[in-house]
Amino acid sequence: MPTTENAIFPFKAGMNVSDPETDAAKVVESTFATLRTVDGMRQINFGSSVENPTDFQLMVEWDSLQSHKDFMASSTYGPFLDRFMSLVDGEPKMMHADFKPEGNATKCLSAPATEIATFYFDGEPPSDYFENVKKATEGAFKDADGILGWAVGTTHEEVAREGVKGKAAVLLIGWQSVDQHMAFRNTQVFRDNIHLLRGSAKRIEMHHVNPAA
């Protein structure tokens, strides 16, 4: 099953990767050019966080977690990482998840706006978490104005946030626009069913990205 690398890099102030003539954009393109040559790399999606524009969101789909580990162990990886990290100011965050239903992550990351919500649990998500997310997204939420698809996965790693440590659940939802998502959050349907997504999560982080590929 494919694994998606989910990484957030806090870029230095003034880094403009949307203009291909800038040095920052050239570093990013060089990074992606290297990634495209790596065995097991399937797809790259990226974009800036809508809520925190200096946060650069990178989502890389690999054939497997081992494919990414093999790249990180290669002689190419050190110089590759050093060049990209020249843009970064702060500690990046990285996790890996296998998204289900398989193939849906690509649909979400190809949407005009992608909601990325991370639910942090003590230990790991409950055994019925996927079914509860499916119940919400394919049931109560399916007629939400602007929703285009969903995918969810549990992280391979234990991750920590504000004193909570364990395996997190990462939820992707594709939307036609951020505004449509925010409008849906004000509906009674959302309020009545959000517990299916939260489950026993102790911390939640959510942001939007307007992805590119």
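Across region 107-158, the qualifying residues are those that are of a type in the set (Ser, Thr, Tyr) and touching a Phe, Trp or Tyr at 6+ places or on another chain (Cβ under 9 Å), and the one among them that is nearest to residue 176 (Cα to Cα) is 114. Scanning region 168-188 for residues that are of a type in the set (A, V, I, L, M, F, W, C) and touching a Ser or Thr at 6+ places or on another chain (Cβ under 8 Å) yields 168, 169, 170, 171, 172, 173, 175.
When residue 23 is tested against (1) modelled with pLDDT of 95 or more; (2) out of contact with any strand residue (DSSP E or B) (no Cβ under 6 Å at 6 or more places or on another chain); (3) not basic (Lys, Arg), just one condition goes unmet, and that condition is (1). In region 71-91 there is no residue that is crowded, with 19+ Cβ neighbours inside 10 Å and closer than 30 Å to residue 132 by Cβ.
Each residue in region 9-42 was checked for being closer than 26 Å to residue 102 by Cα, within 21 Å of the chain's Cα centre (by Cα), part of a loop (DSSP other than H, G, I, E, B) and not hydrophobic (A, V, I, L, M, F, W, C), and 2 of them qualify. All of (1) under 20 Å from residue 101 (Cα atoms); (2) more than 17 Å from the chain's Cα centre (by Cα); (3) of a type in the set (S, T, N, Q) hold for residue 6 with one exception: (2). Only one entry in 58, 81 is touching a Phe, Trp or Tyr at 6+ places or on another chain (Cβ under 9 Å), within 23 Å of residue 157 (Cα to Cα), among the aliphatic types (A, V, I, L, M) and at pLDDT 95 or above, namely 58. Residues in region 14-52 that are without any contact (Cβ under 8 Å) to a residue 60 or more places away in the chain, surrounded by 17 or more Cβ atoms within 10 Å (Cβ to Cβ) and touching a Lys or Arg at 6+ places or on another chain (Cβ under 8 Å): 31 alone. Only a single item in (1) closer than 30 Å to residue 33 by Cα; (2) without any contact (Cβ under 8 Å) to a residue 60 or more places away in the chain is not met by residue 194, and it is number (1). Considering only region 135-145, I want to know if a residue exists there that is outside the structural domain of residue 10 (by TED's automatic domain parsing), at negative phi and touching a strand residue (DSSP E or B) at 6+ places or on another chain (Cβ under 7 Å). Checking region 135-145: at least one residue is outside the structural domain of residue 10 (by TED's automatic domain parsing), at negative phi and touching a strand residue (DSSP E or B) at 6+ places or on another chain (Cβ under 7 Å).
The values are calculated or read from the model by the stated rules, or taken from the named source; none is laboratory data. The model shown is predicted, which means the values in this text are computed figures rather than measured ones. Reconstructed Cβ throughout: ideal geometry from the backbone, glycine too, with neighbour counts over all protein chains shown.
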